[in-house]
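Working notes, beginning with the structure itself.
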Amino acid sequence: MPATTLTNSYDAAFVAEVRRESEQNLALCYQCGNCTAGCPVSFAYDFPVNQIMYLVQTGRKMEALTSHAIWLCASCETCTTRCPNDIDVARVMDVLRHMARRENLVAEHSIHAFWNSFLSSVERYGRVFELGLMASYIGKTGRVLTDADLAPVALRKGKLTFKPHDIHGVAEVRDIFKRYREHRS
Amino acid sequence: MSRRYAYYPGCSGQGTSREYDSSTRAMCQELGFELIDIPDWNCCGSTPAHAVDHLLSASLVARNLAIAEDMDVEGIVTPCPSCLKNLKTSQHRMLRPEFHQEVQRVLGRAVRADLPIKSVLQVLVEDRGIGWIAQQATAPLTGLKVVPYYGCIMNRPPDVMRFDDPENPMALDNLLTAIGAEVLPFALKTDCCGASLGTTRRDVVARLSGRVLDAAAAAGADAIVTACPLCQMNLDMRQAQINKANGSSHRLPVFYYSQLIMLATGQQGERVGLDKLCVSPFSLLESLGPQAGEVRS
Ligand code: SF4
Ligand code: SF4
């Protein structure tokens with residue numbers, strides 16, 4: 001990690017915000033490394049999860065929010081299960097993603113695009129429509145070949161539907177998205 | 001006595017894991033559970049919703065809970081651990097009155113969020129018992145060597161999921177033993193397969209799922225048995241992708257436990273959905289001999 005620069009000075013408001021949104025007492029972390037030892041995606045992280053916790057404790061907002069790790073986290077809950085101080089570490093990772101998204105600091109664009117496509121499918125139909133989801137994801141990222149090799153298999157097994165599974169109450173689901181956006185703005 | 005539950009199928013049950021849905025429904029019918037679909041249920045938002053915002057995630061969940069609260073049932077069940085985690089986590093967070101209020105405002109209706117929510121696996125084990133299920137296994141799967149793969153979130157986080165041991169769960173081990181399979185010890189039973197990164201980061205998935213396949217083969221298993229549609233899809237449909245990325249040559253069938261329970265209780269046919277598995281299990285099942293499961297394609 002680089003020595004002191006402007007971006008890694010202590011940001012007290014950031015620490016308070018993570019604490020409030022995650023409802024976790026971050027000061028309890030004593031850097032034992034248990035979370036990292038069990039983290040399956042650690043090999044692909046730029047900062048292992050215990051270091052993310054350290055960045056949060058020390059108020060280094062930009063490094064935490066622009067990390068790739070927070071997007072690669074698979075939400076497997078192993079860290080939360082094994083933290084000796086009962087910190088819900090996976091929830092902290094979730095909250096950091098929420099903040100990075102709100103502040104336009106997303107480091108992993110394809111993962112972000114996939115989640116947006118997924119949620120648009122839910123908003124539009126009430127359920128996920130896989131084919132539409134893939135089309136929208138490809139549209140957003142240009143990654144045409146993503147999983148193209150799976151399509152013939154899925155098709156042969158009758159696992160791809162061409163019709164969205166829309167629900168009667170789709171207006172209710174859209175209203176949930178609408179009121180959620182109003183609430184957050 | 002039949003038990004009545006509201007059933008939350010989850011989106012993958014309509015597509016990539018339709019054989020999990022159909023074999024679960026059939027298994028429950030055989031074992032005396034009445035599953036009533038939550039009418040007009042919506043997607044719980046899965047990982048994308050909780051990764052984007054916990055209020056949005058809980059509100060999508062809450063519409064389903066509210067509908068189920070008008071049903072005459074003793075609780076909600078779902079076969080999918082990812083849906084289960086979302087449903088239970090949202091309910092758990094709604095214990096905080098302020099958050100509960102916020103969710104009701106976004107949902108636009110009242111929700112109590114107090115119905116018990118369980119996996120189908122949990123009610124099977126708790127309501128019926130392993131001993132009773134063993135008695136139903138009239139066509140035991142003798143000679144079938146399997147490893148049980150629970151995936152990462154079936155039992156985690158423990159204070160929300162409240163079922164089985166988070167580090168060494170045994171429900172599937174016990175169930176599979178009860179229906180006559182030989183269950184091998186499997187150190188990776190709760191390791192993550194990387195499913196949530198399936199489409200976006202195949203390199204990560206090839207490594208994580210590859211490890212699970214390698215370990216299953218090294219343990220001497222003929223097949224992997226899972227209770228998670230995301231794990232199953234990753235290990236089965238992506239098995240060729242993973243082999244290619246890792247230079248391996250696995251041909252391991254990946255069953256849903258519900259399919260094996262159907263076979264062991266003498267049920268066959270379309271509802272079991274063995275033909276939906278990408279790595280075909282038929283030659284393996286035929287090699288077990290005539291008593292075991294009596295399988296034909
Ligand atoms: S396991 Fe808990 S205490 Fe240990 S480093 Fe991780 S967050 Fe900190
Ligand atoms: S939840 Fe995320 S950070 Fe925690 S162990 Fe799993 S992948 Fe790693």
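Some observations on this one:
- Filtered residues of region A:21-36 (kept if more than 10 Å from ligand 1 (Cβ to nearest atom) and more than 12 Å from every other protein chain (Cβ to nearest Cβ)): A:ASN25, A:ALA27
Results for (1) near ligand 2 (Cβ under 9 Å from one of its atoms); (2) surrounded by 19 or more Cβ atoms within 10 Å (Cβ to Cβ); (3) more than 25 Å from B:LEU197 (Cβ to Cβ); (4) modelled with pLDDT of 95 or more, shown as yes or no for each residue.
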residue: A:THR4; (1), (2), (3), (4): no, no, yes, no
residue: A:VAL18; (1), (2), (3), (4): no, yes, no, yes
residue: A:CYS39; (1), (2), (3), (4): yes, yes, no, yes
residue: A:ASN50; (1), (2), (3), (4): no, yes, no, yes
residue: A:THR58; (1), (2), (3), (4): no, no, yes, yes
residue: A:ILE70; (1), (2), (3), (4): yes, yes, no, yes
residue: A:THR78; (1), (2), (3), (4): yes, yes, no, yes
residue: A:VAL95; (1), (2), (3), (4): no, yes, no, yes
residue: A:ALA100; (1), (2), (3), (4): no, yes, no, yes
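- Filtered residues of region B:6-22 (kept if farther than 15 Å from B:LEU230 by Cβ and out of contact with any strand residue (DSSP E or B) (no Cβ under 8 Å at 6 or more places or on another chain)): B:SER22
- For beta carbons closer than 7 Å, sequence separation of 6+ or different chains, a first residue in region A:34-48 that is within 16 Å of A:GLU108 (Cα to Cα) and a second that is more than 10 Å from ligand 2 (Cβ to nearest atom) and assigned to a loop (DSSP other than H, G, I, E, B), the qualifying pairs are A:TYR45/A:HIS68; A:ASP46/A:SER67; A:ASP46/A:HIS68; A:PHE47/A:SER67.
- Test result for B:GLY180, within 13 Å of chain A (Cβ to nearest Cβ) and small (Gly, Ala, Ser): no
- Filter pass, B:ILE224 being in contact with a Ser or Thr (Cβ under 9 Å, 6 or more places away or on another chain) and either within 14 Å of chain A (Cβ to nearest Cβ) or closer than 21 Å to B:LEU84 by Cβ (or both): no
- Qualifying residue in region B:257-270 (condition: among the small types (Gly, Ala, Ser) and within 14 Å of chain A (Cβ to nearest Cβ)): no
- The lone exception for A:SER75 - which of (1) away from chain B (no Cβ under 11 Å); (2) under 24 Å from B:ALA58 (Cβ atoms) it fails: (1)
- Taken together, B:GLY293, B:GLY266 contain a single residue that is modelled with pLDDT under 95, surrounded by fewer than 20 Cβ atoms within 10 Å (Cβ to Cβ) and not acidic (Asp, Glu), which is B:GLY266.
- Qualifying residue in region B:137-146 (condition: under 28 Å from B:ARG3 (Cβ atoms), within 16 Å of ligand 1 (Cβ to nearest atom) and in contact with a helix residue (DSSP H, G or I) (Cβ under 8 Å, 6 or more places away or on another chain)): no
- Boolean, B:VAL205 is of a type in the set (A, V, I, L, M) and within 11 Å of chain A (Cβ to nearest Cβ): yes
Table: residues versus (1) within 20 Å of B:LEU230 (Cβ to Cβ); (2) not β-branched (Val, Ile, Thr).
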{"position": "B:VAL125", "(1), (2)": "no, no"}
{"position": "B:TYR149", "(1), (2)": "yes, yes"}
{"position": "B:MET154", "(1), (2)": "yes, yes"}
{"position": "B:THR177", "(1), (2)": "no, no"}
{"position": "B:LEU184", "(1), (2)": "no, yes"}
{"position": "B:ALA187", "(1), (2)": "no, yes"}
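- All conditions in (1) within 11 Å of chain A (Cβ to nearest Cβ); (2) buried (at least 21 other Cβ atoms within 10 Å of the Cβ) hold for B:GLN232, with the sole exception of (1).
- Pair list, Cβ under 7 Å, 6 or more apart: region A:22-33 residue assigned to a loop (DSSP other than H, G, I, E, B), other residue more than 10 Å from ligand 1 (Cβ to nearest atom): A:GLN24/A:ARG91
- Hits in region A:155-173 (condition: modelled with pLDDT of 75 or more and in a helix (DSSP H, G or I)): A:ARG156, A:VAL170, A:ALA171, A:GLU172, A:VAL173
- Complete set of residues in region B:202-216 that are within 12 Å of ligand 2 (Cβ to nearest atom) and farther than 22 Å from B:PRO157 by Cα: B:VAL204
- Every pair of residues 6+ apart whose Cβ atoms lie under 6 Å, when the first sits in region A:83-103 and is farther than 14 Å from A:ASN34 by Cβ while the second is more than 11 Å from ligand 1 (Cβ to nearest atom) and of a type in the set (D, E, K, R): A:VAL95/A:GLU21; A:HIS98/B:ASP53
- Selection count, region B:23-45, where residues are under 22 Å from B:THR89 (Cα atoms) and either at the interface with chain A (Cβ under 7 Å from one of its Cβ atoms) or touching a strand residue (DSSP E or B) at 6+ places or on another chain (Cβ under 6 Å) (or both): 6
- Number of positions in region B:204-232 that are within 22 Å of A:SER110 (Cα to Cα) and out of contact with any Leu (no Cβ under 9 Å at 6 or more places or on another chain): 4
- One residue alone among B:ALA49, B:ALA62 is modelled with pLDDT under 90 and over 19 Å from the mean Cα position of the chain (by Cα), and that residue is B:ALA49.
The values are calculated or read from the model by the stated rules, or taken from the named source; none is laboratory data. Just so we're clear, the structure is a prediction, and the values are computed from it rather than from any experiment. Using ideal geometry, Cβ is built from the backbone for each residue, glycine included, and neighbour counts are taken over all protein chains shown.
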